[in-house]
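None of the figures in this text is laboratory data; all of them are computed from the coordinates on show. Remember, predicted model here, so these are calculated numbers, not experimental data. Backbone-built Cβ (ideal geometry, glycine too); neighbour counts: all protein chains shown.
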Amino acid sequence: MTGVIRSADDLDTALAALPPCPPGKVRVYRGQTHNYAPMPSGLRRRLDRDAIWKVYSRNLADAAGVPLSEQMDSAELAMWYVWLPMLAQHYGAGSNYLDVTHSSAQAVWFALNAAAFHPEKSILGPPGPPSPEDLPSTVEWLEYSPFEETAYFYAFDVPAWSMQDFPARGDLVDLAQGPQPFRSPRVLAQQACLIRADQEKENGTLNDFLVAGTPLQIARPWTSSMPLPSVDDVFPSPAVDSWFNRFLSVPMILVPETDTGTATLRRPLPVMAIRGATPKYNGAVTATESYFAPALLHKALRGGPESSHAMPDVRNATPILIEAPVFVALPAADSDRWNHDLLHRGIDDRVPFFDVNGKECGLAGLRDTLFQFSTLEVSSWSESSRRDGTPFTRGIRVIRDSDEFTVYLILQESSSATLAAAGAVRFRFDATARRFVWSTPSAPTWKPFKELDLFGKPFFVALHFLRVISTTPNAQAFPSLFTDAGNGYNYIVRITAGDGRLIHVADPHGDADAFVVRSVDGEPFTHATGGALQFQSELAFADVSGEAIRDAIATEWRPAVTSSPQRTE
Amino acid sequence: MTNAEELLQLACQRDPAALEQFAKTVTPSRALGDELSQLGDRALESGDLKKGTSAYRLATSVFDAIGDGNEAARGRFMVLQVAFMAAQTEDQYRFVYDQSRPQIERSEALPYALRFNLIALAADAAFWASTVGSAEAKLGWIARSLDDLATLDPAQADDSSVARYASLLIADLQALRDLGLDQATLDQAEVRFSKAAASLAGRQIQYQADPEKGPAVVAALARIAAGQFLGKRSPLFGRKDASS
């Protein structure tokens, strides 16, 4: 059939005229407003905050009953390569899979409705009159509106993924056949499937799987015995779609606006806030807009009853906001993957900081720092029953004096706006034991690190970030990869030298500026991606000589691209 | 008789009155008293409450005999502590609470740490009586427990005593809240402890059996200090004004 199709009956006729689906393949559909080569969104552009999305959605899956596996077995591999990208494709910034559907009606809907983002500014704060705690926020609504030009309807014949191993290019993942809890109301409503793409082949497109004779051209006005579904039908409300609710319910955080550098509340995940067709739907989405007070620890800690925060004046500390969930990605404090000898060195006294556009603005001190951890460290925001009585570590103050660190933990129950400071705990490196030892003012005897469970991980996270933002070349204090070499281990250790940059964030009220840690590409820092040292040792990484690694960096590592036998890229 | 184990064995075969008399006649000495106390500590660690009670009773008799009031008071405290550990019913907790009263009245001259532990024990017994007793008696027991805690200065106590005090205070206030009292009453109860809670800011509070509990207790104390434990304000602030 040629010409523009304007009815479901004509579309059925056109589909019946297409070549039959070959044996062993499945026919699926896709609608687009423009005839660009069908290509996953993840291949068309950079995946915003992809690592953060995956880590956080893995935490959510864990909370939803799919425990994180220590082993990268086939189920865990499928999680990272299929089901987490599925969540990103349907709720977030996209993936390396192409959205398709079993339903020709759903494909028509996506062809005849154009999506566009519309920012909306509002104020978030405590109920009642204007308050010093009021903060500006921006929400990027994704709005669908009738597309009045000619649109395109595609059909693909693709093999069904066996649910074993890893989907090959062109394999169809039928989401209705996926494991729970991933058969979400949205994927069921859309009868959604995904086709695996590969950036290296066919320029990332899936044209070679297209059914001959497609795309068909379709356009409004559309005639059908069944009216086109509403937005609310295609994207079920967060009131019924728990995944939608989980992603939306993460409290907003202050991030620097790219034009002014002034902080505005935004969602920390690139979740699509769908603008629905009814006030009830939009009310359910808007109800998830919130921030977790206090939004800025350093600002909250400098006021209020000093007696409840028994630590030196917080105005002396450099406030650093960590945007990514990092605790789950870093080894446990008692793991022998942490090399304490590396961890306690290589921290600059001062580092340059930059504006949000990358222009160097000055120097920030690192001898006294207050880290504020991401609200993405908590995965239960959507479950009100779990908000009560669960304290979490909101931050850590690390004061460095010579070889000693004085540390305060900042704690907050998730049902209260009150902060508590626990400490001080002092740490120093014991060269004989190759481990940190610790003491407190009331118990000044130095004790082994392993006896301190509460402070360990936050302290190591802080030291890790202090080293990452230092311009001194540092080996990360844990291996990025290690394999058993029979009589020892092969280690690959990333080298960082200012890989994380302090970006200045202006307080919207003008009196409590802070910094975030971003990669050179401007994304929230999650992990080092530069050069690495590779070596073998029969020792656990914790017992490897930090001196030897530092020597190797000094002699073999160069910040430029010159190659070295010991260096991998 | 120099061996505490043998002495205990002998004493256990007699009636309680006789064993105290016995202890007074066997050339009491501080070393023997200490040994009996340690025997009680070990028995407690191994979960043998009966043996622990006997050992502490005997130790108390020995220290009474040699005129060491502090150690004798510690022995009596430990006897009550063991009774507390064994208690399961309201009557058994009531027994501990009642038995502690005369000791508390006489405790002004004792070292503060011992007095603190004695009062905290009574408060603990009252709290647990509230959990297993009748609904009508619940408020009365919690009020007794809080009354006892209000006489204490936790800033002067050692870490383990503070840990007990803090978790008990939080449990008492939570129990009070669960009774559904009006906010003014709850506020009054909380304000009574805000200064004590503030005095614990910065203290390391750890629970060996439950490492997760420490931060929860520290955070709850901060809320009590700020008067925000029973009068909640959600920290999740939502949209208040759509400007465009």
Please express the shape of region A:125-255 as an equivalent ellipsoid: the semi-axes are the square roots of 5 times the eigenvalues of the C-alpha gyration tensor, given largest first in whole angstrom. 36, 23, 17
For region A:80-187 the trypsin sites (Lys or Arg not before Pro) that pass both the DSSP coil test and the at-most-15 other-Cβ-within-10 Å test are A:R183
Between the residues A:L172, A:N113, A:T138, the Cα farthest towards the positive end of the dipole of region A:85-194, that dipole coming from +1 and -1 charges on the beta-carbon of Lys, Arg, Asp and Glu, is from A:L172
Please work out the C-alpha center-to-center distance from region B:151-167 to region A:393-443 and express it in whole Å. 22
Return the loop-located chymotrypsin sites (Phe, Trp or Tyr not before Pro) in region A:36-144 (DSSP other than H, G, I, E, B) with at most 11 other Cβ atoms within 10 Å of their own Cβ; answer none if there are none. A:Y36
Shielding of A:105-115 by partner chains, average beta-carbon count, 10 Å: 0
Calculate the radius of gyration of the Cα atoms of the protein assembly as shown to one decimal place, then report Dmax, the largest Cα-Cα distance, as a whole number, both in Å. 32.9, 117
From other protein chains only, count the Cβ atoms within 10 Å of every residue's Cβ in A:133-139, then give the mean. 2
Under 28 Å from the Cα of A:K457, which lysines turn up, not counting those fewer than eight places away in the same chain? A:K54, A:K299, A:K447, B:K213
Whole-angstrom gap from region A:183-245 to region A:94-172, using each part's C-alpha centre: 9
Which net charge results when you count Lys and Arg as +1 and Asp and Glu as -1 among the other residues whose beta-carbon is under 12 Å from that of A:A431? 0
Which ³J(HN,Hα) values, rounded to whole Hz and listed in residue order, are derived for region A:174-191 from phi using the Karplus coefficients 6.51, -1.76 and 1.60 in 6.51 cos²θ - 1.76 cosθ + 1.60 with θ = phi - 60°, glycine and proline given as x? 7, 5, 5, 9, x, x, 6, x, 8, 7, 7, x, 5, 5, 6, 4, 8, 6
With charges only on Cβ, +1 for K and R and -1 for D and E, what is the dipole size of chain A about its Cα centre, in debye, rounded to 20? 220
Through the Karplus equation 6.51 cos²θ - 1.76 cosθ + 1.60, θ set to phi - 60°, convert the phi angles of region A:194-199 into ³J(HN,Hα) values in whole Hz; use x for Gly and Pro. 10, 10, 6, 10, 9, 4
Provide the convex hull volume over Cα atoms per residue for region A:476-527, in Å³. 89
P(r) of region A:186-304 over all Cα-Cα pairs, binned every 5 Å from zero, in whole percent: 2, 8, 11, 12, 13, 13, 13, 11, 7, 4, 2, 2, 1, 0, 0
For region A:262-288 and region B:180-212, what is the separation of their Cα centres, given in Å? 37
Per residue convex hull volume, Cα atoms of region B:164-220, in Å³: 79
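Once you have the Kirkwood Rh of region A:262-361 from its Cα pairs, apply Stokes-Einstein at 20 °C and 1.002 mPa s and quote D in µm²/s. Please list the in-between numbers first.
On the way: Rh = 18.7 Å.
The calculation lands on 114 µm²/s.
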Would you please name the GluC sites (Glu not before Pro) within region B:39-144 that are DSSP coil residues with at most 15 other C-beta atoms within 10 Å of their C-beta? B:E108
Antiparallel DSSP bridges in chain A: what percent, to the nearest 5? 85
I'd like to know which of A:A528, A:A506, A:L481 lies farthest towards the positive end of the charge dipole of region A:474-531, counting +1 on Cβ of Lys and Arg and -1 on Cβ of Asp and Glu. A:L481
Spin-label point model (7 Å from Cα, Cβ direction): what's the B:Q183 to B:V132 distance in nm? 3.7
Find, to one decimal place in angstroms, the Kirkwood hydrodynamic radius of region A:19-133, where the mean of 1/r is taken over every pair of different Cα atoms and then inverted. 17.7
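What number comes out for the charge environment of A:H102, summing +1 per Lys or Arg and -1 per Asp or Glu over other residues with Cβ under 9 Å away?
Neighbour charge sum, excluding A:H102 itself: 0.
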